[in-house]
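FYI, it's all coordinate maths here, none of it is from the lab. None of these values were measured; they are calculated from a predicted model. Neighbour counts are summed over all protein chains in view; Cβ atoms, including those assigned to glycine, are modelled from backbone coordinates with ideal geometry.
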Amino acid sequence: MLKQLKNVSIAVSCLFLFGCASNEIKSTPEYHNPPAAVREKMKSVMPSFEPWVAEVEQKFALISEIPAASDLDWARRLGIRNVDNIRIYRTEFFPMPQDGELLNDLELLGWGSPHEDARNMGYTIFIRPENDTQQVRVQQIAEIYLMENIGRSRFLYRTLVEQRSLDEKDRPINIEAKKLAKCAVIDGKIGFGCSVSGTKPVNHNQMEKQRQEEQKIKKEVEKAQKIEAEKEAKIKKEFSEIQKDNLLLKEIEQDKNSQKTK
């Protein structure tokens, strides 16, 4: 029963959010078959790049802020699984690696430059205060959604390959994230009345209905969890009492045997 309710919850969210967007980012020849020089560079960069990203994410997550409620609402509607992990760190200076080779390589790609408006490293979003707009934030959140769907390692690999091989306007990750971000912010509201990649438009009534459905399902799931917990507690109690009875019977039997021996 509980599993069925969870499946229904996922289906409801999917139905109202863009008619269930694809998990795959549009691919390019540059990604599947990058130039030999890029492939060789990626072999040397990824072993240090991925651990560095994870280290920075964990370090700054502890001192970063929880996003605004409207941004988190957008993240949930988008379908991000680990919404509670999202953090925002506002700074003029984005973190860069200590490793000389990795530092030089990322600087050549524009990392750490004054033109870098925002960057997400795992679930931690870095953003310059002067560029801290809803449009920029939701685009970074959209990239987190894409990261979850294609996998962290693959997302990081694709990010660097695309930065090496394509202009910013031609990078599939940027294109998909911008589409989702445009859909998120309409007249100052999040997630109202737009379509992405030919999927179903979303309007206020649909969103409100989704909210009500999710609340209803949440209550039913909580009720089912409570019933299961009560059943489990009852079974444990009964089992404990049986163990006590068995122990008592064993002691009585041992006492009888002891008296017979005497």
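Run through segment 65-144 and list the trypsin sites (Lys or Arg not before Pro) located in a DSSP loop whose Cβ has at most 15 other Cβ atoms within 10 Å.
Passing both the DSSP loop test and the Cβ count: 81.
How high is the FRET efficiency between residue 168 and residue 219 when r is their beta carbon distance and R₀ equals 41 Å, given to the nearest 0.05? Before the final figure, lay out the partial values.
On the way: r = 45 Å, r/R0 = 1.10.
The formula returns an efficiency of 0.35 here.
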